[in-house]
Each structure stands twice: as structure tokens, then as C-alpha cells.
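What follows is a set of notes on a single structure, which appears directly below.
The values are calculated or read from the model by the stated rules, or taken from the named source; none is laboratory data. None of these values were measured; they are calculated from a predicted model. No Cβ is skipped: glycine too gets one built from the backbone with ideal geometry, and neighbour counts run over all protein chains shown. For accessibility, only protein heavy atoms count, side chains too; no ligands or nucleic acids. Shrake-Rupley method; radii C 1.70, N 1.55, O 1.52, S 1.80 Å.
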Amino acid sequence: SGLVVRIVTTEPVGTDSLTVYYKTPDGKLRERMLFRADEAALSIAEAGRPWAFDASGEDFKLAAEAYRINLAHLFDPMMAVHTSNVEPLPHQITAVYESMLPRQPLRYVLADDPGAGKTIMAGLFIRELLMRADARRVLIVAPGSLVEQWQDEMEEKFGLDFKIFGRDMIENSRGGNPFEDYDQLIARVDQLARNEDLQQKLAHTHWDLVVVDEAHKLSAAYFGNELKKTKRFQLGELLGGVTRHFLLMTATPHNGKEEDFQAWLSLLDSDRFYGKSRDGARKVDVDDLMRRMVKEEMFRFDGTRLFPERRAYTVNYKLSDREAALYEAVTSYVKEEMGKAERLGDDK
């Protein structure tokens, strides 16, 4: 059992065995018969002090430093900022530390304008969760053209080693499910959405955090009272069911149709946004589910605007006869033909 005992006496039993009487550290007297075959496994042990200071000082310092870093977030609320290769802007800090981290679990849409640095916000959030031991397994789902950019950003700015999912992982997986082999993974949205075998493997895993970039691609639309789900939307439903934290990122969350927008929000809360309202879609308050910050609201720490101010002017110009005819024809089509399609849908 690994205890150091004190030999009291021995008593030979024949030529190749003897009985050993010994005392355990708690003072109990015990005996055991040993044979010649046991001799190779015996060794003389030296009793040490339980609180001796004769261990390696460097090892002790390393262990103490690791423990200090593990608890650092308790003393530094923005530990990820100070241990990453980024200089975040005010709106990025408020997004992570005021809007996202306090939510447990997080089911959220980050919908700031383009250029806000949503990748940096996601990286800070991921790093904070990892340092707080609130997450271990993280999956990032992005369009194919962005997966390498995600991998580079996570490595260069946050020191996180994410692997890009590929078919070679399937072939080399010992257990047959590559999604279980890696704790930090980046996958292409269409590769998952179009492959039912991969979805079945994904359904048998669990993640602490799933981040979806360009999440407006996980779309669904109402035709009449029937919701037509794209394969990407169905993937979104699957992802939401296998993770605790679920973060959707997009600069264009609303396609102009309130009912489609609420169907998309059902990826985060299927109970709250279940089905289509009989009275037609009414706008709902989604401040608890989504943060939307436009460029005019983004400033640097010195108070200067991050982006030049946008100024909109109405410019009048006269249409030619052919342009006017086209304008009238398109207007008539939108008013009449699209109205007929909606009425047909309502009659179903």
C-alpha cells in the first residue's frame, strides 16, 4: 500500500520462507509470510518527515505559480485581456465582461456592426472561460473561407491551439468519432450541414461552448404557416442541443421579416420562439438575447470615434421615360404579385 513499516522480528519457516512481524505507522502489529520469490521486490525504505522541506525548490515554485495563475481571475476580473496579445476597445470589453460572461449559461447573439472585432470578443470570451475552468471543449463553426483566419487569430492573439476539422481526422480517429478526440476544434459550416454521418457523430458529443460565425446563414423562412428549415438551420438546432454555452455571431441578424427573425432566434430559445403567432409576428424585446452596437456608438478610450460619422442625404433626380416605366413595373409587381403569394400561403 506504499506505507513505510518497521520490522519487529522475523521467524524462519523452512529454508525458502519466513514470517515477518511489523508495525504500521498507526502502531498496529501485523504479520506476513514472505517467500524466496518475493525477495526481488523488497527494498529498504527510509522513514521521512511528513512536513519535510527537502523537495525540489524549483518544482515547488512551479506548482505554486500554476496554482496562482489558476486562481488569477478571482483577483483580476479581466485576466484574458492582460494575458492576450490584443489591446481591446471599450465596446469589446463591455461585450465580453458586461454582456456575455455574467450569463450562465450563455445563449446569445453578438450582432455588432462589421469592423467591430467580433472575433476578438469571441477569443476573449473563450480564454476567460478556459482560465476560469468554466469550459474545456470549444467548437467554432464558420464558413469555409474563414476557418484558417479563425485558427490564426486564436493562435496569434490568444495562444489557443485550435485544429481545423478535416476528413483525415475521421480516418485517424481511434474511437471512430473525431469530435470526441479534440477539445478545441474549428469546423466548416457547410461540411457539417451537408453530411448526415458527421451530424450523427456530432450529436453524440457534448461541448462547453459552440461559436457560430456568420450565423445568419443558419436561416429558416415561413411559407404560409409552414416553417421551411434549411440544412444549416437544422445544423444550428443540433449544435444548440449539444452545448452549454451557445454564441451566434453576425452583423446582419434581421432579414427584414420579423417572423423569420424570430424563427432564427428559436435556435437560442425554442420555447420562447416556438411556432408562428396567429396574429402575425410582433416585434419582441430581445435585449436579453442579443447585443447590437452600430458604428456610431463605438469609441476609443480617448473618446474619439472609431469610425467616421455617417451622414445620409436625399438626392433628387429625374427618371428617364424608360427608367420610370421600369420603376412602375417593379412597384406594381411587388404590390400585386407578392401580395397574391402571401394570400395563397394564408389559405393553406
Among (1) touching a Leu at 6+ places or on another chain (Cβ under 6 Å); (2) under 28 Å from Val81 (Cα atoms), which single condition is Ile140 missing?
-> (1)
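If you take the residues of region 302-317 that are in contact (Cβ under 8 Å) with a residue 12 or more places away in the chain and open to solvent by less than 100 Å² (accessible area, probe 1.4 Å), which of them is farthest from His91 (Cα to Cα)?
In the first step, residues of region 302-317 are kept if they are in contact (Cβ under 8 Å) with a residue 12 or more places away in the chain; the result is 306-307, 309-310.
Remaining after also requiring open to solvent by less than 100 Å² (accessible area, probe 1.4 Å): 306-307.
Details: Leu306: 10, Phe307: 13 Å.
Step by step, filter region 302-317, then rank; the result is Phe307.
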Can you tell me which residue among Ala80, Ala122, Ala135, Ala95 is crowded, with 19+ Cβ neighbours inside 10 Å, aliphatic (A, V, I, L, M) and in a loop (DSSP other than H, G, I, E, B)?
-> Ala135
Of (1) under 20 Å from Asp302 (Cα atoms); (2) at pLDDT 90 or above; (3) touching a helix residue (DSSP H, G or I) at 6+ places or on another chain (Cβ under 9 Å), Val81 satisfies every one except (2)
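Restricting to region 67-77, and then to whatever is open to solvent by less than 60 Å² (accessible area, probe 1.4 Å) and not in a loop (DSSP other than H, G, I, E, B), can you tell me which residue is nearest to Phe299 (Cα to Cα)?
Our first condition is that a residue be open to solvent by less than 60 Å² (accessible area, probe 1.4 Å); within region 67-77, this holds for 71-73, 76.
Subsequent filtering for residues that are not in a loop (DSSP other than H, G, I, E, B) retains 72-73.
Working: Ala72: 29, His73: 27 Å.
Step by step, filter region 67-77, then rank; the result is His73.
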Return the residue satisfying two criteria in turn: it lies in region 1-27 and is among the aliphatic types (A, V, I, L, M) and in a strand (DSSP E or B), and of such residues it is farthest from Ala45 (Cα to Cα).
-> Leu18
What residue, of Ala72, Ala122, Ala135, is within 30 Å of Arg310 (Cβ to Cβ), among the aliphatic types (A, V, I, L, M) and in contact (Cβ under 8 Å) with a residue 12 or more places away in the chain?
-> Ala122
Residue list for region 209-220, restricted to those being of a type outside the set (Lys, Arg) and either open to solvent by 30 Å² or more (accessible area, probe 1.4 Å) or without any contact (Cβ under 8 Å) to a residue 12 or more places away in the chain (or both) | Glu214, His216, Ser219
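Sort out which residues of region 221-262 are of a type in the set (Lys, Arg) and either in contact with a strand residue (DSSP E or B) (Cβ under 7 Å, 6 or more places away or on another chain) or surrounded by 15 or more Cβ atoms within 10 Å (Cβ to Cβ) (or both), and write them in order of number. Please lay out each step first, then the result.
Let us first name the residues in region 221-262 that are of a type in the set (Lys, Arg), namely 228-229, 231-232, 244, 257.
Those that are of a type in the set (Lys, Arg) and either in contact with a strand residue (DSSP E or B) (Cβ under 7 Å, 6 or more places away or on another chain) or surrounded by 15 or more Cβ atoms within 10 Å (Cβ to Cβ) (or both): Lys228, Lys229, Lys231, Arg232, Arg244.
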Could you please let me know if Glu128 is within 17 Å of Thr83 (Cα to Cα) and open to solvent by 40 Å² or more (accessible area, probe 1.4 Å)?
-> no
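So which residues in region 147-164 are in contact (Cβ under 8 Å) with a residue 60 or more places away in the chain and open to solvent by less than 40 Å² (accessible area, probe 1.4 Å), if there are any at all? Working first, answer last.
Keep residues of region 147-164 that are in contact (Cβ under 8 Å) with a residue 60 or more places away in the chain, which gives 150, 156-159.
Across region 147-164, the qualifying residues are Trp150, Phe158.
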